[in-house]
1. Only one residue in Val14, Val18, Val57, Val33 is at pLDDT 80 or above and among the aliphatic types (A, V, I, L, M). Which one?
2. Out of the residues in the stretch 102-145 that are in contact with a Phe, Trp or Tyr (Cβ under 7 Å, 6 or more places away or on another chain) and basic (Lys, Arg), state the one that is modelled with the highest pLDDT.
3. Within the set of pairs 6 or more residues apart or between chains, which connect a residue that is surrounded by fewer than 18 Cβ atoms within 10 Å (Cβ to Cβ) inside the stretch 102-122 to a residue that is of a type in the set (Gly, Ala, Ser) and in a strand (DSSP E or B) with Cβ atoms less than 7 Å apart?
4. Can you pull out the residues in the stretch 169-183 that are over 18 Å from Pro69 (Cα atoms) and in contact (Cβ under 8 Å) with a residue 60 or more places away in the chain?
5. So Lys148 clears everything in (1) surrounded by fewer than 18 Cβ atoms within 10 Å (Cβ to Cβ); (2) modelled with pLDDT under 90; (3) not hydroxyl-bearing (Ser, Thr, Tyr) except one condition, right? Which one?
6. Kindly indicate whether Ser162 is touching a Leu at 6+ places or on another chain (Cβ under 9 Å) and at pLDDT 80 or above.
Amino acid sequence: MRKLISSERGLTLVEVLVTLVIMSIVSGVIYSVFTTGLKLYQKIGIEAQLRDDADYVATMILNEMYNYPPNFIKKYEEDGAEGIELIRYAPKNVEGYVVEDSTKIERDLLIYFKDNHFFIDEIKRVTEAGTEKINILNSTKLSSDSSKFTTVNGQSSSISVSCTKPELANQCPHGTIALNIFISEDKERFSNLLKTEPLELKSSFGF
């Protein structure tokens, strides 16, 4: 004859409380690891976007310089804009052969920083009633929807020229261009609780 043994004993209050405490601790650890990983992923994504935006600005400027090499570069400052002016002369052709550069300007380009943006303007200078004026033929504003140019330690983005021979600074045929970019996430457009440091890109190249 078999005897069935049954028990109606359940969990005690202490056992339930211990189980709840253990589950809350484990859940807290899992949540902390998950949120930390998510924040790190978001931060890496933001920093990568800032690098891409800074590289885009630098690439656009370099392309303009190397696609149309200037005969000389000079400093440009006007109406709060600070940058450089690149002047390229038209070649002089004789019976189909390029013999030299003429004094006729083929392309006049301004690259400058103003109102927290970089601009690339193709211009034409004209003189009216004894006053020189600038006519903008084509203007490109270098900006991004996710980032903005900022100030770091009192320094803002800029582009400037340093001439090999200071006495030719007004029309510099050879020298160095310094490009400084300070860029950060545009939190006015995209709300983000993560704290990310502004990206600093400083580069220089000769011409």
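The values are calculated or read from the model by the stated rules, or taken from the named source; none is laboratory data. Computed from a predicted structure; not experimentally measured. Note that each Cβ is placed from the backbone with ideal geometry, even for glycine, and that neighbours are counted across all protein chains shown.
1. Val57
2. Within the stretch 102-145, the match that is modelled with the highest pLDDT is Lys141.
3. Ser102/Ala90; Lys104/Ala90; Glu106/Ala90; Lys114/Ala81
4. Taking the stretch 169-183 as the starting set, the residues that turn out to be over 18 Å from Pro69 (Cα atoms) are 180-183.
Correct list: Ile181, Ile183.
5. So the condition that Lys148 fails would be (1).
6. No, not satisfied.
Per-residue answers, yes or no, for (1) surrounded by 15 or more Cβ atoms within 10 Å (Cβ to Cβ); (2) over 19 Å from Glu122 (Cα atoms):
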residue: Tyr31; (1), (2): no, yes
residue: Gln42; (1), (2): no, yes
residue: Asp53; (1), (2): yes, yes
residue: Asn67; (1), (2): no, no
residue: Gly83; (1), (2): yes, no
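Residues checked against (1) farther than 19 Å from Ile87 by Cα; (2) within 15 Å of the chain's Cα centre (by Cα); (3) assigned to a loop (DSSP other than H, G, I, E, B):
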| position | (1), (2), (3) |
| --- | --- |
| Asn138 | no, no, no |
| Asp145 | yes, yes, yes |
| Ile159 | no, yes, no |
| Ser162 | no, no, no |
| Leu168 | no, no, no |
